[in-house]
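K.L.:
Please find one structure pasted underneath; my questions will follow.
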Amino acid sequence: MQAEAIAFERFDTLKDDDCEQRIIEAKAVLGKRAVILAHHYQRADVYKHADLTGDSLKLSRLASGTDADYLVFCGVHFMAEVADILSKPEQIAILPDLAAGCSMADMANLSKVERAWRELAEVLDPDETITPATYINSVADLKAFCGEHGGIVCTSSNAVKILQWSFSRREKVLFFPDQHLGRWSGHKLGIPPDEMPVWDFDEPMGGLTPEQIRKARILLWKGHCSVHQMFQPQHILRFRNQYPDGKVISHPECSFEVCKNSDYVGSTEYIINTIREAEKGTRWLVGTELNLVGRIAEEFKPEGKIVQFMAPTICMCSTMARIDPQHLAWTLENLVAGKVVNQIKVPMAEAELARLALERMLEAS
Ligand code: SF4
């Protein structure tokens, strides 16, 4: 008989210290049956309980290689979907708070992308001329759309390679949902700005003329990350005036102007590794999420490295922060009681197509 789930209300008002103790105890009971995955942007009071840490793809791949029954993903919704898609059939992906979404992923949905595909068909044959490429920060049905239409998934580490793969098959790319990652990666391939117009999904024909569509190499979906859009070129300028020897490193979800003014641009793993390998005593301005920057600032302090956050305001991934110690304790205690809460399950047909697009990426990169 299925056990009764413990209601979240019993955890909602628990103090963080109590939660911490209960998480530790539940983890001890579950042992290797559950693995806790924490993304780099996760808040410290949850991150400290992680068995595995990293970016979304790395975590999903590592988790699928474990023998754990439960993959408890302390990230956002699309990450738990990827974990489910790449996991073994018997493994169960769980998101401790279903409200932990990604504002960027939400900027593209299947009906809008299908509409774009139909509208593009009025100008050219999209299945002959356009590779759909989705950033991993997207919902599973968009990955499935890419799988079905000869397309592919990319991450912030491999986007340039994935564009090359895409161009080797078809002359154009529809890149969603992050215009900034698409633009920066296209720029790295030498594509001029007027060949990378923005597809505004709220406008008929994306707000573009047939000439603009024919001329385009990359059609950039009008999406962005609400966290990374907060970083501005003037933040870099101020830092450079103050510390002429300092180095600037940014995530490619930042605007083109921020990336262009940075010394280094790359994924979260790249940012961490670049600062780790830098000389002792160096100073860094970092354009990515606050929890990650705070963590590396502490980690590299003993080496005399000064790591500074780019914006004067707080730029946190507030949706990821919804996964708090209360939700984690609730999830784990339910597992101890034999009840799975908040399972993320991608429908089988969709998961197969999405896996195809993910496998193309793994092969290409
Ligand atoms: S930082 Fe931005 S892109 Fe990353 S999960 Fe949060 S909202 Fe999504």
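K.L.:
For the stretch 310-353, which positions are buried (at least 17 other Cβ atoms within 10 Å of the Cβ) and among the charged types (D, E, K, R)?
P.N.:
Residues satisfying the conditions are 322, 324, 333, 350.
K.L.:
Here's another thing I want to ask about it. Could we say that residue 309 is more than 16 Å from the ligand (Cβ to nearest atom) and in contact with a helix residue (DSSP H, G or I) (Cβ under 7 Å, 6 or more places away or on another chain) here?
P.N.:
Working: more than 16 Å from the ligand (Cβ to nearest atom): no; in contact with a helix residue (DSSP H, G or I) (Cβ under 7 Å, 6 or more places away or on another chain): yes.
Judged against the criteria, residue 309 is not a match.
K.L.:
Ok, one more. Can you name every residue in the stretch 317-336 that is farther than 30 Å from residue 277 by Cβ and within 16 Å of the ligand (Cβ to nearest atom)?
P.N.:
Start the filter on the stretch 317-336 by keeping residues that are farther than 30 Å from residue 277 by Cβ, which leaves 318-319, 322-336.
Listed by number, the residues that qualify are 318, 319, 322, 323, 324.
K.L.:
Going by the conditions given, is residue 314 within 16 Å of the ligand (Cβ to nearest atom), outside the structural domain of residue 236 (by TED's automatic domain parsing) and out of contact with any Asp or Glu (no Cβ under 8 Å at 6 or more places or on another chain)? Before the answer, list the steps.
P.N.:
Values: within 16 Å of the ligand (Cβ to nearest atom): yes; outside the structural domain of residue 236 (by TED's automatic domain parsing): yes; out of contact with any Asp or Glu (no Cβ under 8 Å at 6 or more places or on another chain): yes.
Spelling it out, residue 314 is indeed within 16 Å of the ligand (Cβ to nearest atom), outside the structural domain of residue 236 (by TED's automatic domain parsing) and out of contact with any Asp or Glu (no Cβ under 8 Å at 6 or more places or on another chain).
K.L.:
Given the stretch 290-365, what helices (runs of 4 or more DSSP H) lie entirely inside it while holding 1 or more residues that are in contact with a Leu (Cβ under 6 Å, 6 or more places away or on another chain)? Give the derivation first.
P.N.:
Details: elements: 290-300, 325-336, 348-364.
Of the helices (runs of 4 or more DSSP H) lying wholly inside the stretch 290-365, those with at least 1 residues that are in contact with a Leu (Cβ under 6 Å, 6 or more places away or on another chain) span 325-336.
K.L.:
Tell me which residues, restricted to the stretch 8-17, are at pLDDT 95 or above and open to solvent by less than 80 Å² (accessible area, probe 1.4 Å).
P.N.:
Answer for the stretch 8-17, where residues must be at pLDDT 95 or above and open to solvent by less than 80 Å² (accessible area, probe 1.4 Å): 8, 11, 14.
K.L.:
Going through the stretch 112-128 one residue at a time, which ones are open to solvent by less than 30 Å² (accessible area, probe 1.4 Å) and within 18 Å of residue 360 (Cα to Cα)?
P.N.:
Result: no residue meets the conditions.
K.L.:
Filter the stretch 230-242 for residues that are of a type outside the set (Val, Ile, Thr) and either more than 16 Å from the ligand (Cβ to nearest atom) or assigned to a helix (DSSP H, G or I) (or both) and give the result.
P.N.:
Result: 230, 232, 233, 234, 235, 237, 238, 239, 240, 241, 242.
K.L.:
Counting only residues that are basic (Lys, Arg), give me the strands (runs of 3 or more DSSP E) lying completely in the stretch 60-158 with at least 2 of them.
P.N.:
Values: elements: 70-74, 92-94, 130-135, 152-154.
In the stretch 60-158, no matching strands (runs of 3 or more DSSP E) lie anywhere.
K.L.:
Considering only the stretch 216-229, state which residues are within 12 Å of the ligand (Cβ to nearest atom) and either surrounded by 18 or more Cβ atoms within 10 Å (Cβ to Cβ) or in a loop (DSSP other than H, G, I, E, B) (or both).
P.N.:
Residues satisfying the conditions are 223, 224, 225, 226, 227, 228.
K.L.:
While we're looking at this one, here's another question. Between a residue in the stretch 22-43 that is part of a helix (DSSP H, G or I) and any residue that is open to solvent by 40 Å² or more (accessible area, probe 1.4 Å) and small (Gly, Ala, Ser), which pairs come within a Cβ distance under 6 Å, given they are 6 or more apart or on different chains?
P.N.:
Filtered contacts from the stretch 22-43: no entries.
K.L.:
Those residues that are open to solvent by 40 Å² or more (accessible area, probe 1.4 Å) and closer than 17 Å to residue 269 by Cβ, I need them from the stretch 129-186; list them, please.
P.N.:
Scanning the stretch 129-186 gives 157, 160, 161.
K.L.:
Determine, yes or no, whether residue 271 is within 14 Å of the ligand (Cβ to nearest atom), open to solvent by less than 50 Å² (accessible area, probe 1.4 Å) and assigned by TED's automatic domain parsing to the domain that holds residue 242.
P.N.:
Working: within 14 Å of the ligand (Cβ to nearest atom): yes; open to solvent by less than 50 Å² (accessible area, probe 1.4 Å): yes; assigned by TED's automatic domain parsing to the domain that holds residue 242: yes.
Answer is yes for this residue.
K.L.:
Shifting gears a bit: Quick check on the stretch 44-62. Is at least one of its residues buried (at least 18 other Cβ atoms within 10 Å of the Cβ), in contact with a Cys (Cβ under 9 Å, 6 or more places away or on another chain) and either more than 20 Å from residue 334 (Cβ to Cβ) or at pLDDT below 95 (or both)?
P.N.:
yes
The values are calculated or read from the model by the stated rules, or taken from the named source; none is laboratory data. Computed from a predicted model, the values in this text were never measured in an experiment. Note that each Cβ is placed from the backbone with ideal geometry, even for glycine, and that neighbours are counted across all protein chains shown. We work out accessible area using only protein heavy atoms, side chains counted, and drop any ligands, DNA or RNA first. Shrake-Rupley method; radii C 1.70, N 1.55, O 1.52, S 1.80 Å.
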